[in-house]
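**Student:** Handing you this structure, nothing more for now.
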């Protein structure tokens, strides 16, 4: 069997993280008969293991669970693992496992450890993941990704095998009923912590009323299925905040329009009222009358002035529509991004002030925090911010081979993408050795996100310059500085378009909050330039007996189109920025 230098290095350096992907790894797996090398089982300290993009990998081999008891993350994406091949490695309990990714393996049934059968669907000998009363195989499992397989159903054994599941990703399978058999009978609520359920691009014909048996459900995605109706029981999901029902041919045409343009709250209210608008109009009128009475009472009692002050203090954002913009920016997405990083959302933000004090530092820190939190360490989405004045449109969102893509990364000289990644990998190894630790920081921890990719995504300006290389870095050419006033914002993802929009909503909110703090600090400390000191136009003079003006940021819509000019996404649309509406006043 061919040598595995990665395994030798991992054992020698006592690593806790290991990522194996790419053409060389796939070739070695194929040469080994589609099995894992025995040396992998001699790394008991491993906590995170990825083995992806190996079409020849059909078996994990026996003893994986026993040999790697500390595993908390196991990524087996884009292989050819069947239930039997998985069952060998997952046959024993993995008490520490929190994340399991089995996407893109062509599974038709789940392995026994997850409540499926070892053989083909319907074959004798099907075994549940854990017998009633037995300890669960995955007691700490929080996220299970089964997207891109061929699953037709999920059995009740999954709830017993992974009782603490919080995210279940099932998009791109062949499921016809949800949740259905997934929920076992019994007095106890199955999946008491499940908050995210994704089943887009399946063959769902029925969304059962038992969906309300998921008490923690916050996010539901059943887009692009064959649903004709939505159950009224959805309105009984106490925590449901985000739901995507687009791409279904619903019988109720009014409801079909609502799922394409309304907030989840409005859809649930419609279902709660019995559908087809029963009681909805009257409820809306009564709610409006109630608010009017309360406002009048506050005004009479002297609280009206306070309300006006609170409204005036809210963050303001004005949307400039394409039709109002004489020179709107356009991004053209090539067909090649579909298989690499298909989703992108962009906009222009004008009126930012980064010049005073540490405003720029706070801005960059905010972006880093968003990458860690809402972007899930760039695995869900990646943010790129540019100085608009340095952007030459129109832009093209494209893919290029690693040995052809050239970029001038932030703080570095121009370099090919493959050389940049190699350089970063060497830096990561050196960092590990110097600091004597297993984890790395900075750009180095995102390198594995491109493992196994034949082409890399990039955003190219009208001069052919690569200004963004997600999810790794921006270009030094469009770097934001203290004198930057107008921004071009970009969010990309290989997961979903909605995630891009949610991240962009939050990014705009955070920039607006930072801008408010900057303006208040300038006012508190007095003027910072001669024009302000002389009371120039558009400034606030502290000597005047007036309140500082709440000047809105301006968000310009940006279209993303395909190579034929057909619209793919427009941001912000009238349904965007609603997730932050409680903190932001949007002027449309």
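**Student:** Output the number of the condition that residue 389 fails; it satisfies all remaining conditions of (1) under 30 Å from residue 483 (Cα atoms); (2) in contact with a strand residue (DSSP E or B) (Cβ under 9 Å, 6 or more places away or on another chain); (3) assigned to a loop (DSSP other than H, G, I, E, B).
**Tutor:** Every condition holds for residue 389 apart from (3).
**Student:** Considering each of 158, 168 in turn, give the residue that is more than 26 Å from residue 273 (Cα to Cα) and part of a strand (DSSP E or B). If you could, list the steps in order and put the result at the bottom.
**Tutor:** Numbers: 158 fails: part of a strand (DSSP E or B).
Result of the check over 158, 168: 168.
**Student:** So which of 55, 69 is under 28 Å from the mean Cα position of the chain (by Cα) and over 20 Å from residue 421 (Cβ atoms)?
**Tutor:** Details: 69 fails: under 28 Å from the mean Cα position of the chain (by Cα).
Testing whether each residue is under 28 Å from the mean Cα position of the chain (by Cα) and over 20 Å from residue 421 (Cβ atoms) leaves just 55.
**Student:** Additional query: Kindly indicate which of 74, 45 is assigned to a loop (DSSP other than H, G, I, E, B) and at pLDDT 90 or above.
**Tutor:** On the way: 74 fails: assigned to a loop (DSSP other than H, G, I, E, B).
Being assigned to a loop (DSSP other than H, G, I, E, B) and at pLDDT 90 or above holds for just one of 74, 45, which is 45.
**Student:** For the condition within 18 Å of the chain's Cα centre (by Cα) and either surrounded by 19 or more Cβ atoms within 10 Å (Cβ to Cβ) or under 14 Å from residue 506 (Cβ atoms) (or both), what is the one hit in 553, 577, 584? Before you say what the answer is, go through the steps one by one.
**Tutor:** Values: 553 fails: within 18 Å of the chain's Cα centre (by Cα); 584 fails: within 18 Å of the chain's Cα centre (by Cα).
Criteria check complete, one pass: 577.
**Student:** Right, here's the next one. Any chance you could count how many residues in region 368-386 are assigned to a loop (DSSP other than H, G, I, E, B) and free of Cβ contacts under 8 Å to residues at least 60 places away in the same chain? I'd like the intermediate steps shown before the answer.
**Tutor:** Going residue by residue through region 368-386, those that are assigned to a loop (DSSP other than H, G, I, E, B) are 373-381.
Keeping just the survivors that are free of Cβ contacts under 8 Å to residues at least 60 places away in the same chain gives 373, 376.
Number of matching residues: 2.
**Student:** Follow-up question, since we're still on this one. Looking at region 239-250, which of its residues are under 16 Å from residue 225 (Cα atoms) and surrounded by 12 or more Cβ atoms within 10 Å (Cβ to Cβ)?
**Tutor:** 243, 244, 245, 246, 247, 248, 250
**Student:** Would you confirm whether any residue within region 119-139 is within 20 Å of residue 162 (Cβ to Cβ) and at pLDDT 90 or above? It would help to see each step written out before you state the result.
**Tutor:** First, pick out the residues of region 119-139 that are within 20 Å of residue 162 (Cβ to Cβ): 126-139.
Narrowing further to those that are at pLDDT 90 or above: 138-139.
Yes, region 119-139 has at least one match.
Residues are listed down the side, and each one gets a yes or a no for (1) at pLDDT 95 or above; (2) assigned by TED's automatic domain parsing to the domain that holds residue 582; (3) touching a helix residue (DSSP H, G or I) at 6+ places or on another chain (Cβ under 7 Å); (4) not in a helix (DSSP H, G or I):
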| position | (1), (2), (3), (4) |
| --- | --- |
| 471 | no, yes, yes, yes |
| 488 | yes, yes, yes, yes |
| 495 | no, yes, no, yes |
| 501 | no, yes, no, no |
| 506 | no, yes, yes, no |
| 510 | no, yes, yes, no |
| 513 | no, yes, no, no |
| 518 | no, yes, yes, no |
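**Student:** Which condition from (1) assigned to a loop (DSSP other than H, G, I, E, B); (2) in contact with a strand residue (DSSP E or B) (Cβ under 8 Å, 6 or more places away or on another chain); (3) at pLDDT 90 or above is the one that residue 452 breaks?
**Tutor:** The single condition residue 452 does not satisfy is (3).
**Student:** So which residues in region 177-201 are within 20 Å of the chain's Cα centre (by Cα), buried (at least 18 other Cβ atoms within 10 Å of the Cβ) and without any contact (Cβ under 8 Å) to a residue 40 or more places away in the chain, if there are any at all?
**Tutor:** If we filter region 177-201 for residues that are within 20 Å of the chain's Cα centre (by Cα), which is where we start, we get 193-201.
Checking the rest, the ones that are also buried (at least 18 other Cβ atoms within 10 Å of the Cβ) come to 194-195, 197-201.
Of everything in region 177-201, those that are within 20 Å of the chain's Cα centre (by Cα), buried (at least 18 other Cβ atoms within 10 Å of the Cβ) and without any contact (Cβ under 8 Å) to a residue 40 or more places away in the chain turn out to be 194, 197, 199, 201.
**Student:** Pairs under 9 Å by beta carbon, first residue at positive phi in region 136-158, partner assigned to a loop (DSSP other than H, G, I, E, B) and at pLDDT 90 or above, six or more apart or different chains?
**Tutor:** Filtered contacts from region 136-158: 148/77; 148/78; 148/103; 148/104; 148/105; 148/171; 148/172; 148/173.
**Student:** Among the candidates 63, 91, 34, 87, which residue alone is surrounded by fewer than 17 Cβ atoms within 10 Å (Cβ to Cβ) and modelled with pLDDT under 90?
**Tutor:** On the way: 91 fails: surrounded by fewer than 17 Cβ atoms within 10 Å (Cβ to Cβ); 34 fails: surrounded by fewer than 17 Cβ atoms within 10 Å (Cβ to Cβ); 87 fails: surrounded by fewer than 17 Cβ atoms within 10 Å (Cβ to Cβ).
Going through 63, 91, 34, 87 in turn, the sole match is 63.
**Student:** Kindly indicate which of 102, 57, 97, 49 is in the same structural domain as residue 36 (by TED's automatic domain parsing), closer than 19 Å to residue 155 by Cα and crowded, with 20+ Cβ neighbours inside 10 Å.
**Tutor:** Numbers: 57 fails: closer than 19 Å to residue 155 by Cα; 97 fails: closer than 19 Å to residue 155 by Cα; 49 fails: closer than 19 Å to residue 155 by Cα.
Checking each option against the conditions leaves just 102.
**Student:** Restricting attention to region 528-575, report how many residues are part of a loop (DSSP other than H, G, I, E, B) and either farther than 23 Å from residue 338 by Cβ or at pLDDT below 75 (or both).
**Tutor:** Start the filter on region 528-575 by keeping residues that are part of a loop (DSSP other than H, G, I, E, B), which leaves 528-529, 534-552, 562-566, 572-575.
So of that shortlist, the ones also either farther than 23 Å from residue 338 by Cβ or at pLDDT below 75 (or both) come out as 528-529, 534-552, 572, 574-575.
Qualifying residue count for the region: 24.
**Student:** May I pose another question? Name every residue in region 346-366 that is touching a strand residue (DSSP E or B) at 6+ places or on another chain (Cβ under 8 Å) and surrounded by fewer than 17 Cβ atoms within 10 Å (Cβ to Cβ), in order of residue number.
**Tutor:** 350
**Student:** Looking only at region 324-367, how many residues end up being under 22 Å from the mean Cα position of the chain (by Cα) and in a helix (DSSP H, G or I)?
**Tutor:** Looking only at that region, the number is 10.
**Student:** Can you find even one residue in region 23-46 that is touching a helix residue (DSSP H, G or I) at 6+ places or on another chain (Cβ under 9 Å) and without any contact (Cβ under 8 Å) to a residue 24 or more places away in the chain?
**Tutor:** No, every residue in region 23-46 fails to be touching a helix residue (DSSP H, G or I) at 6+ places or on another chain (Cβ under 9 Å) and without any contact (Cβ under 8 Å) to a residue 24 or more places away in the chain.
The values are calculated or read from the model by the stated rules, or taken from the named source; none is laboratory data. Since we're looking at a predicted model, the values are computed, not measured. Don't worry about glycine lacking a Cβ; one is built from the backbone with ideal geometry, like all the others, and counts go over all protein chains shown.
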